[in-house]
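Peer 1: Before we start, here is the structure in question, set down as structure tokens.
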Amino acid sequence: MGMTMVEKILAAHAGKDKVRPGELVNAKLDLVLGNDVTTPVAVKEFKKIGIENVFDKERIAIVPDHFVPNKDINSAEQVKMIREFAEEKEIKNFFELGEMGIEHCLLPEKGLVVPGDIVIGADSHTCTYGALGALATGIGSTDMAAGMATGEAWFKVPETIKFVYKGELQKWVSGKDLILYTIGDIGVDGALYKAMEFTGPVIENLSMDNRFTMSNMAIEAGGKCGLIEADEITLEYVKGRAQREWTVYKSDEDAEYSQVIEYDVTNIEPQVAFPHLPENTRGISEVGDIKIDQSVIGSCTNGRIEDLRVAAEILKGKKKAKHVRLIIFPGTQEIYKQAMKEGLIEIFIDAGAAVSTPTCGPCLGGHMGILAKGERSIATTNRNFVGRMGHPESEVYLSNPAVAAASAIAGKIVSPEEVL
Amino acid sequence: MEIKGKVWKYGNDVDTDVIIPARYLNTSDPKKLAEHCMEDIDDTFAANVEQGDIIVAEDNFGCGSSREHAPISIKAAGVSAVIANSFARIFFRNAINIGLPILECPEAVVGIDKGDEVEIDVDSGVIKNITKGTEFQAEPFPAFMQEIIDAGGLVNYVKAKAN
């Protein structure tokens, strides 16, 4: 019996020839990540352990991105504390405002994650790096502290669900729609404690940016990680960025899966997830009349250059509806610059959008676009839980960037076709 | 370890955003976090929870964010244990790591109502509903996780191994 990618990566990092689902292993870590919300707690816990130095100054990344630029005094104090920790421990990869980006857009861009890695991050969307063929998973602050101290973490080897995507992608249907459709099918705990593996001809032809979007939302199905086998598209992205050697792991033909699920994507239309769970998905044609107050385009899910290009394609020469606030967040400074070079930022501003420096901002109801009681936002973000973007009685609808841009123009949730 | 308390009951997919909304994440002080615990799902909770109380919920408790602030706020609010059909993966890990007892036991979830008085023997996994006079057996933890629990959490466990 062969092994899946996840099993191979775990075996290699645990110094074993073979591992099986259910087995508990201690594995070496290639990178440990934290942000401005989770790192302060990790620093406190790290100090309790009583180990002087971090395991490797080059293998820890700290990215203040949630409440930056610091939204209030408390947030400023939190960032100050982790900045001082990074200085004291000589952590190389501390990304200050202005050099930073949303962590899950930034780390792959900087070549800090490569195929075959094991990465733990004190942020649930760490699973994004599965798109590079890395085992990347969210953990909490105490695990981050222990990871920084020892360079190791314990893992339960997960069972893997294989998803096979076949058929032809329709216009305006993206990686976001595939993952929303999948979550709608299996539910928010459909992959609980399990690894998801995205495969098939549709994935093989999918761009890196769209792959990141898919892996990013594995956690919204409860998944431990969402992996895509590294191929030529991956290696093209990685070459010139990678700061370390990489290893490509492929699942064996006779690997054992807990489940294999096949989708014909030909009939999948752009998806919208209704409040208050990402599994409440509907095709755009079944949305009905949903008026919106805000449209948010960006985040670790959809803040990459291709996402901005799609939004600009829709918004070019048009205006947002008068009553709508359109807020656009490029994922990193590099993406922001690229969008400027391509003239996308001008298109956005001419359309009436507010364009922001990279931040998690409104996605988690932090700042920069909070909703009042009774307000509704369409968003290219990843969660639509109660109160996620502001008041507990506000609503978030999740979509791809094309639908979010079109909806900003129409003032209600519509298909891109309706505004072109 | 024996626990006894009154039950607060919730449904499926209680996410970390309703356990501790992001608007309060600009602090990591457990006491301040506890003041807003469960605020967006039950605004009566924080003011009325008593030391030792127990949360009982259905599937996928703690889904969403990796914020350890969620189990920290629950523990700091005085909650002694959480029983659920299942826990989201990161919450599960975080709870074990910070020493908040959690138990997976679907039979107990069905057999316990809001306000019931419940007693738990954490070591054996035996859950007694004193109000109804019934008893349930939760899934035992794998030996390795039990070691972390016995050490009082991951930090103590790592500390003991390092010295």
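Peer 1: Out of everything in the range B:1-21 that is in a strand (DSSP E or B) and either at pLDDT below 95 or within 19 Å of B:Glu68 (Cβ to Cβ) (or both), what residue ends up being farthest from the other protein chains (Cβ to nearest Cβ)?
Peer 2: B:Glu2
Peer 1: So B:Ile54 ticks every box in (1) closer than 24 Å to A:Ala122 by Cβ; (2) among the aliphatic types (A, V, I, L, M); (3) out of contact with any helix residue (DSSP H, G or I) (no Cβ under 6 Å at 6 or more places or on another chain) but one. Which box is left unticked?
Peer 2: Evaluating B:Ile54 over (1) closer than 24 Å to A:Ala122 by Cβ; (2) among the aliphatic types (A, V, I, L, M); (3) out of contact with any helix residue (DSSP H, G or I) (no Cβ under 6 Å at 6 or more places or on another chain) leaves (1) as the failure.
Peer 1: So, one more: If you check A:Gly175, A:Gly138, which single one turns out to be touching a residue at least 12 places away in the same chain (Cβ under 8 Å) and more than 30 Å from B:Asn163 (Cβ to Cβ)?
Peer 2: On the way: A:Gly138 fails: more than 30 Å from B:Asn163 (Cβ to Cβ).
Sole residue among the options that is touching a residue at least 12 places away in the same chain (Cβ under 8 Å) and more than 30 Å from B:Asn163 (Cβ to Cβ): A:Gly175.
Peer 1: Using the structure shown, decide if A:Val79 is among the β-branched types (Val, Ile, Thr), touching a residue at least 12 places away in the same chain (Cβ under 8 Å), open to solvent by less than 50 Å² (accessible area, probe 1.4 Å) and not in a loop (DSSP other than H, G, I, E, B).
Peer 2: Working: among the β-branched types (Val, Ile, Thr): yes; touching a residue at least 12 places away in the same chain (Cβ under 8 Å): yes; open to solvent by less than 50 Å² (accessible area, probe 1.4 Å): yes; not in a loop (DSSP other than H, G, I, E, B): yes.
Against the criterion (among the β-branched types (Val, Ile, Thr), touching a residue at least 12 places away in the same chain (Cβ under 8 Å), open to solvent by less than 50 Å² (accessible area, probe 1.4 Å) and not in a loop (DSSP other than H, G, I, E, B)), A:Val79 qualifies.
Peer 1: Let me ask something additional. Any idea which residue in the range A:44-54 is nearest to the chain's Cα centre (by Cα), counting only those that are more than 15 Å from B:Pro30 (Cα to Cα) and outside any loop (DSSP other than H, G, I, E, B)?
Peer 2: Result: A:Phe46.
Peer 1: Test each condition in (1) over 25 Å from A:Ala61 (Cα atoms); (2) in the same structural domain as A:Ser215 (by TED's automatic domain parsing); (3) charged (D, E, K, R) for A:Lys319 and report the one that comes out false.
Peer 2: A:Lys319 satisfies all of (1) over 25 Å from A:Ala61 (Cα atoms); (2) in the same structural domain as A:Ser215 (by TED's automatic domain parsing); (3) charged (D, E, K, R) except (2).
Peer 1: Answer yes or no: is there a residue in the range A:94-113 that is open to solvent by less than 20 Å² (accessible area, probe 1.4 Å), more than 25 Å from A:Leu364 (Cβ to Cβ) and touching a strand residue (DSSP E or B) at 6+ places or on another chain (Cβ under 9 Å).
Peer 2: For the range A:94-113, residues open to solvent by less than 20 Å² (accessible area, probe 1.4 Å), more than 25 Å from A:Leu364 (Cβ to Cβ) and touching a strand residue (DSSP E or B) at 6+ places or on another chain (Cβ under 9 Å): absent.
Peer 1: For the subset of the range A:115-171 comprising residues that are within 14 Å of chain B (Cβ to nearest Cβ) and of a type in the set (D, E, K, R), which member is nearest to the chain's Cα centre (by Cα)?
Peer 2: Only one residue tops the list, namely A:Asp123.
Peer 1: Do you know which residues across the range B:94-104 are open to solvent by less than 10 Å² (accessible area, probe 1.4 Å) and either of a type in the set (D, E, K, R) or assigned to a helix (DSSP H, G or I) (or both)?
Peer 2: Result: B:Asn94, B:Ala95, B:Ile96, B:Asn97.
Peer 1: Now for a different question. Which of (1) in contact (Cβ under 8 Å) with a residue 12 or more places away in the chain; (2) surrounded by 17 or more Cβ atoms within 10 Å (Cβ to Cβ); (3) not in a strand (DSSP E or B) is the odd one out, the single condition B:Pro140 does not satisfy?
Peer 2: (2)
Peer 1: Now for a separate question. Among the residues of the range A:98-109, are any touching a Phe, Trp or Tyr at 6+ places or on another chain (Cβ under 9 Å), within 14 Å of another protein chain (Cβ to nearest Cβ) and in contact (Cβ under 8 Å) with a residue 24 or more places away in the chain?
Peer 2: Yes - at least one qualifying residue is present in the range A:98-109.
Peer 1: Also: Just the residues that are crowded, with 24+ Cβ neighbours inside 10 Å and of a type outside the set (A, V, I, L, M, F, W, C), please, taken from the range A:195-205.
Peer 2: A:Glu197
Peer 1: Of the residues A:Glu84, A:Glu58, A:Glu90, which single one is assigned to a loop (DSSP other than H, G, I, E, B), on the phi < 0 side of the Ramachandran plot, open to solvent by 10 Å² or more (accessible area, probe 1.4 Å) and more than 10 Å from chain B (Cβ to nearest Cβ)?
Peer 2: When all the criteria are applied, what remains is A:Glu58.
Peer 1: Here is a follow-up. Output the number of residues of the range A:30-54 satisfying the condition of being more than 9 Å from chain B (Cβ to nearest Cβ) and either open to solvent by 10 Å² or more (accessible area, probe 1.4 Å) or small (Gly, Ala, Ser) (or both).
Peer 2: 6
Peer 1: Could you tell me whether the range B:105-125 includes any residue that is part of a loop (DSSP other than H, G, I, E, B), within 14 Å of chain A (Cβ to nearest Cβ) and surrounded by 16 or more Cβ atoms within 10 Å (Cβ to Cβ)?
Peer 2: no
Peer 1: Still on this model: Looking at the range A:313-326, which of its residues are without any contact (Cβ under 8 Å) to a residue 60 or more places away in the chain and either open to solvent by less than 20 Å² (accessible area, probe 1.4 Å) or among the small types (Gly, Ala, Ser) (or both)?
Peer 2: Of everything in the range A:313-326, just one residue is without any contact (Cβ under 8 Å) to a residue 60 or more places away in the chain and either open to solvent by less than 20 Å² (accessible area, probe 1.4 Å) or among the small types (Gly, Ala, Ser) (or both), namely A:Gly317.
Peer 1: For A:Glu236, work out the one condition from (1) touching a strand residue (DSSP E or B) at 6+ places or on another chain (Cβ under 9 Å); (2) more than 14 Å from chain B (Cβ to nearest Cβ) it doesn't fulfil.
Peer 2: (1)
Peer 1: For A:Thr266, which of the numbered conditions (1) open to solvent by 20 Å² or more (accessible area, probe 1.4 Å); (2) of a type outside the set (Gly, Ala, Ser); (3) out of contact with any Gly (no Cβ under 8 Å at 6 or more places or on another chain) fails to hold?
Peer 2: (3)
Peer 1: Between B:Ile19, B:Ile72, B:Ile55, which is β-branched (Val, Ile, Thr) and open to solvent by 20 Å² or more (accessible area, probe 1.4 Å)?
Peer 2: Of the residues listed, the single one that is β-branched (Val, Ile, Thr) and open to solvent by 20 Å² or more (accessible area, probe 1.4 Å) is B:Ile72.
Peer 1: Considering A:Ile228, A:Ile233, A:Ile261, A:Ile284, which residue is open to solvent by 10 Å² or more (accessible area, probe 1.4 Å), under 19 Å from A:Glu109 (Cβ atoms) and aliphatic (A, V, I, L, M)?
Peer 2: A:Ile233
Peer 1: Could you please let me know if A:Val296 is out of contact with any helix residue (DSSP H, G or I) (no Cβ under 6 Å at 6 or more places or on another chain), outside the structural domain of A:Gly138 (by TED's automatic domain parsing) and open to solvent by less than 50 Å² (accessible area, probe 1.4 Å)?
Peer 2: no
Peer 1: Tell me which residues, restricted to the range B:22-45, are under 21 Å from B:Phe87 (Cα atoms), of a type outside the set (A, V, I, L, M, F, W, C) and either buried (at least 23 other Cβ atoms within 10 Å of the Cβ) or within 10 Å of chain A (Cβ to nearest Cβ) (or both).
Peer 2: Passing the criteria: B:Glu39, B:Asp40.
Peer 1: Something else about it: Any idea which of A:Glu220, A:Glu269, A:Glu229, A:Glu279 is touching a strand residue (DSSP E or B) at 6+ places or on another chain (Cβ under 8 Å), within 14 Å of chain B (Cβ to nearest Cβ) and acidic (Asp, Glu)?
Peer 2: Going through A:Glu220, A:Glu269, A:Glu229, A:Glu279 in turn, the sole match is A:Glu279.
The values are calculated or read from the model by the stated rules, or taken from the named source; none is laboratory data. Here the structure is a predicted model, which means the values were calculated and not measured. Backbone-built Cβ (ideal geometry, glycine too); neighbour counts: all protein chains shown. In case anyone asks, the SASA skips ligands and DNA or RNA and just uses the protein heavy atoms, side chains included. Shrake-Rupley method; radii C 1.70, N 1.55, O 1.52, S 1.80 Å.
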